[in-house]
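The values are calculated or read from the model by the stated rules, or taken from the named source; none is laboratory data. None of the values given here were measured: they were computed from a predicted structure. Cβ sites come from the backbone with ideal geometry, for glycine too, and all protein chains shown count toward neighbours. When the accessible area is computed, the model is the full protein with side chains, heavy atoms only, and any ligands, DNA or RNA have been set aside. Shrake-Rupley method; radii C 1.70, N 1.55, O 1.52, S 1.80 Å.
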Amino acid sequence: MNITKNTALSLLLAFSLGSTCVIAYAEGADKSSVNSPNETIMHIEKAIVEISHRDFMPPSEHLKAARTASEKVTGNPDIVKNANASIIQAQIKANQFDIKGATDELNKTLELYKSLKSE
């Protein structure tokens, strides 16, 4: 009977410690991905390249991904707000086939997000 109790106690302790470690790891991974604008910058750069090649379908996908990733970026609220607005403007201009306007907006957005990285 004591062996059964000790085994049950050991298993309960092992499962509780294991689940605590998984939860702590998941929270740490979530925090590191929230603050970084790297994913957004990557999508913006890909969209700029695609727009310069006059291929509008992939940039719209990259712009959608950049908007989604930009919602997770934290930092200076004014810079984040301006960068998000600039992505939206670039998306509008890309839909209107305004290559220069969309590229200018994306370059502006890229500078804003890169300034967040240096802070």
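Checked against the criteria, Thr109 counts as at pLDDT 90 or above and among the hydroxyl-bearing types (Ser, Thr, Tyr). Note on the stretch 93-115: among residues that are among the hydrophobic types (A, V, I, L, M, F, W, C) and open to solvent by less than 70 Å² (accessible area, probe 1.4 Å), the one that is farthest from Ala65 (Cα to Cα) is Ile99. Taken over the stretch 86-103, the criterion of being over 15 Å from His53 (Cα atoms), hydrophobic (A, V, I, L, M, F, W, C) and not in a helix (DSSP H, G or I) is satisfied by no residue. Residue-level check: of (1) at pLDDT below 80; (2) in contact with a helix residue (DSSP H, G or I) (Cβ under 9 Å, 6 or more places away or on another chain), Asp30 misses just (2). Scanning the stretch 67-85 for residues that are outside any helix (DSSP H, G or I) and touching a residue at least 24 places away in the same chain (Cβ under 8 Å) gives Lys72, Val73, Thr74, Gly75, Asn76. For the criterion of being over 14 Å from Glu50 (Cα atoms) and part of a helix (DSSP H, G or I), Asn107 fails.
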